[in-house]
Every structure is written in C-alpha cells, then in structure tokens.
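Sending over a structure as structure tokens; questions will come in a sec.
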Amino acid sequence: MGSTRRLVAILFSDLVGYTALMGENESATLDLIRSSIRIQQPLVKKHHGVWLKEMGDGVMAQFHSALDAVNCAIEIQEAASNELNGKLRIGIHLGDVTIENNEVYGDGVNVASRIESTADPGSIYISEAVLGAIKGSGIHAKFQGDKHLKNVDRPIRVYKIVKDEKLVAGSKSVYRKNLPWVALLLLVIVFSVWKLVSSKSNKSHSTIAVLP
C-alpha cells in the first residue's frame, strides 16, 4: 500500500505524572489508563475520528475536521474530570501528515504531541492553525504564548480552550448590571468636585465694602 499525504487534525492525550503514579501505585494507575481509554474511544468515534494508537498512558487520534477534534476533546475532558482526577491533558494540531500502512508520520504529528506535553492537567491546548479552523464556532481560547517546542524548528502559537464561558458571560453581565450605579457614582463625584472648586473660587473673590 502506498503512502498518502493529507491535512488532518491530530489529537494527543495523556495522564500527567504517569511515571510517578506508576511508582506510587501501579495497579491504580493501570486502572486509570483503562478508564481513560474507555472514556475516549467511543467519543473519538462519535465525533468522526479515527483511533490510531495507544502509547502507554497516551492516545493518538486523527480527525478530518479540526472542529470535530476540539468538540471531541471538550467532551472527553467533561467526562474525565472526575473519573481521572483532572489528570488528563490534550493537545491538538492541524497539519499535513503522511499516512502509510495505517501509521501517521510528519511534522503535524510531532507538533500535536509537543503541544500536548505543554498542557496543564485537565486542559486542552491547540495550535493557531486549529484556532483559525474553528473560528465562528462559538468556542473560545486564550493565548498561551509562542512556544519553542522540542524538535520543532519554529515557534508555535499555542492557545488554551476556555471551557466555562459562563464565567466570562457572567462577568460581562455583572458589569452591565452595575453600569447605571457606576455612572451615578461618577456624577456625584463630579458634582462634589465642582461644588468644592466653586466654593473656593467664591471665597478668593470676596471683597470688603467701606461705607462713608
């Protein structure tokens, strides 16, 4: 079978602190890995992804759509937050890969893997290419900086998916709710300053009339 080159979204996930966990309690860590696979595998399929391989505590999957990959990652983290103690982290990159004999190679794979390794526990990190592809979807992300990733010859702009937009919307809502009171307070301050300045001005211009 010959090789083919495609533009795909690559998703990597793993458990943070896997080596230390294995040293502390091997049996419990193996249970975590089994739970991780049990959670992720059906969700990858649900979002039209292809389950590529398992690597120790890690998982690699590919998607034809970056939006499918991100939606899948969000649902995985929601399901894994309690069962995996928030230890799962996910990285996603959209790039060219070479597919040969059911194996995936290329810079796109390496970048996705390195992005995932920089992610915080319980988070989803994506590249700028993924961010551009999901624009207009209603999913938001916060810029994490230009990352110099191992074996990647250029800085990669990395973003973190904002999972709870209610917090953002809530803060805007509170601001709008209190805006009239803020305006009233400013008006009172301005009036008080004007009265003070006016009072001082009147005192400085007072005169004494001398009667004949």
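Which residues, taken from segment 64-76, are open to solvent by less than 50 Å² (accessible area, probe 1.4 Å) and over 18 Å from residue 14 (Cα atoms)?
Answer for segment 64-76, where residues must be open to solvent by less than 50 Å² (accessible area, probe 1.4 Å) and over 18 Å from residue 14 (Cα atoms): 65, 66, 68.
Please go through segment 71-87 and give me each residue that is among the hydrophobic types (A, V, I, L, M, F, W, C) and either closer than 17 Å to residue 118 by Cα or assigned to a strand (DSSP E or B) (or both), ordered by number.
73
Next question, about the same structure. Restricting the search to segment 77-94, which residues are closer than 16 Å to residue 35 by Cα, among the hydrophobic types (A, V, I, L, M, F, W, C) and open to solvent by less than 30 Å² (accessible area, probe 1.4 Å)?
80, 84, 88, 90
Which of the following residues is open to solvent by 20 Å² or more (accessible area, probe 1.4 Å), touching a Phe, Trp or Tyr at 6+ places or on another chain (Cβ under 8 Å) and hydrophobic (A, V, I, L, M, F, W, C): 50, 44, 97, 8?
Matching residue, one of 50, 44, 97, 8: 50.
Scan segment 55-62 and tell me whether some residue there is open to solvent by 50 Å² or more (accessible area, probe 1.4 Å), outside any helix (DSSP H, G or I) and modelled with pLDDT of 85 or more.
yes
Among strands (runs of 3 or more DSSP E) lying entirely in segment 88-162, which contain 1 or more residues that are out of contact with any Pro (no Cβ under 7 Å at 6 or more places or on another chain) and of a type in the set (D, E, K, R)?
88-100, 103-105, 140-147, 156-162
Which of the residues belonging to segment 100-133 are open to solvent by 30 Å² or more (accessible area, probe 1.4 Å) and of a type in the set (Asp, Glu)?
100, 103, 107, 120, 128
Would you say residue 9 is in a strand (DSSP E or B), touching a strand residue (DSSP E or B) at 6+ places or on another chain (Cβ under 6 Å) and at pLDDT 90 or above?
Yes: the conditions hold for residue 9.
The values are calculated or read from the model by the stated rules, or taken from the named source; none is laboratory data. Here the structure is a predicted model, which is why all the values come from computation and not from measurement. No Cβ is skipped: glycine too gets one built from the backbone with ideal geometry, and neighbour counts run over all protein chains shown. These area figures cover heavy atoms from the full protein model, side chains too; ligands, DNA and RNA do not enter into them. Shrake-Rupley method; radii C 1.70, N 1.55, O 1.52, S 1.80 Å.
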